[in-house]
Structure formats: structure tokens, C-alpha cells
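The values are calculated or read from the model by the stated rules, or taken from the named source; none is laboratory data. Being a predicted model, the structure only gives us computed values, none of them experimental. Reconstructed Cβ throughout: ideal geometry from the backbone, glycine too, with neighbour counts over all protein chains shown. Heavy atoms of the whole protein, side chains included, go into the accessibility calculation; ligands, DNA and RNA do not. Shrake-Rupley method; radii C 1.70, N 1.55, O 1.52, S 1.80 Å.
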Amino acid sequence: PSKKKFFIPVKVLSRKFRGKFLAYLKQAELQFFGTTADLQHPASFQRLLTTLYRKEWVVYSKPPFKNAGCVVEYLGRYTHRVAISNARMMKLEEDHVTFKWRDYKDDNKPKEMTVTADEFIRRFLIHVLPPGFTRIRHYGFLSPRGKATRLKLCKKLTRTPVPALPQPKRTTLELLQQILGQDFACCPCCRVGHMSRASPAEQTA
């Protein structure tokens, strides 16, 4: 008997995944360019596959997300945030920084950690991308140039319902006219002109 959460031994799962992945890789119609152009030759590509088959792969398995929305929410925590938020910063005293963190090995308990300012800056700078790298939030179909057009195409291809644009806010006079059918801005004398409220600057002038 095994635990209810047990699936299969991790080494068995890793080798099974390796076999399936490389089997489908053989069937894929891949094209190679630049430094990988040599792999276009069947013999070179076969040597690569042989090397990959000999390596031990590491597979991490966990329960799937409920839906696509949960996936986006999970990834958003990592792709659209800074190294550490201001809310986690506790204090700075005598060249030491204290901040909050969660110990996942200890039942996800919130704790405090104090490090030197130099060590804090070193850890923060690890999250700064090297030159030439692009953040996920600004890459591919999310890059600023033409993003609106590409997102529309993505929604069309994935059949994602597009929410209706919010209606512009109406003024109180417009709402009253719609409900009561009477134009309260109309001049009560001539019934032609419309009264407008002057701004404080215009009233002063």
C-alpha cells in the first residue's frame, strides 16, 4: 500500500517523460538556423537525441490548476512584480535591513530577517536583468509595439470573449433627461438656449 498522494516513483516518471518528450521531438518538423544549423543533418540530430537519452531528467509533478485563470494569476505574481514589495520592508537601522518573508519549510509561517545593507542590495540586484534580456511582460505578443493588435488576434484565435467597452459616465443632467424626458439645462425663457455652469476661474474673471 502507498499514500493517497503517491503516483509513481519520481525516477520512473522522469524516464517516462524523457521517452515521450524525445519521441515526439523526433516526429516534429523542426528547422535549425545559425549555430544549430548542423542539426539539420539527420546524423547530427540523432547524436543529439542519443546524448539526451543518456541524461537523467528531473521531473517535478504537482496537482494541476483549476483553470486558465488560476494559471495567469499564479504566473502574474512572478512576471509583474519587483524583487521585494514595500509592504515587506520593516526597518533600516545602523546599516541593517529587516524585512518579512515566509518560511515554506515551516508551514508557510511569516518571519522576519535582518541582513546588512550591502547584502540586501546584492540580493536585490540579482533580480536585475543583464543587458540584452527582456522581461516577460514586455516580450513577444506583449511587447509594446503593436500589442493591442496582437492581443485582439490572440483572443480571436483562442475564442476568448471580449468584454464590452464601459459606457462613458453621464452627467446628472443627462440621467435626468433620460429618466424624466425633460431637458433641465434648457433656458426656461426662450426654450432654445442652454445654461452651462461656469468654472471657478471663469466666475472670478
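Below is a table of values for the structure above.
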item: Inter-probe distance in nm under a simple model that places probes 7 Å from Cα toward Cβ, at LEU129 and LYS111; result: 3.2
item: Cα centre as origin, Lys/Arg/Asp/Glu Cβ charges: the chain dipole, Debye; result: 1380
item: Cα shape, the range 1-77, gyration tensor, a/c 1.5 rule; result: oblate
item: Residue with peak Gaussian network fluctuation, the chain [Cα springs, cutoff 10 Å], from PRO161, PRO64, PRO188; result: PRO188
item: Residue (of PHE33, THR171, MET89) at the positive-pole extreme of the chain, dipole from beta-carbon charges; result: PHE33
item: Cα gyration tensor, the chain - rounded (a/c under 1.5), prolate or oblate; result: prolate
item: Accessible surface, per residue, of the range 84-126 when the full set of protein chains is kept, probe 1.4 Å, Å²; result: 84
item: Relative contact order [Cα under 8 Å, 6+ residues apart], the chain, whole percent; result: 9
item: Accessible area of the chain belonging to carbon and sulfur atoms, whole % at 1.4 Å probe; result: 60
item: Low-density loop cleavage sites - GluC sites (Glu not before Pro) in the range 1-91, where at most 13 other Cβ are within 10 Å (DSSP); result: GLU29, GLU56
item: Sparsely packed chymotrypsin sites (Phe, Trp or Tyr not before Pro) within the range 1-35, loop by DSSP, other Cβ within 10 Å at most 11; result: PHE6, PHE7, PHE33
item: Qualifying trypsin sites (Lys or Arg not before Pro) for the range 49-139 [loop in DSSP, other Cβ within 10 Å: at most 12]; result: LYS55, LYS66, ARG81, ARG135
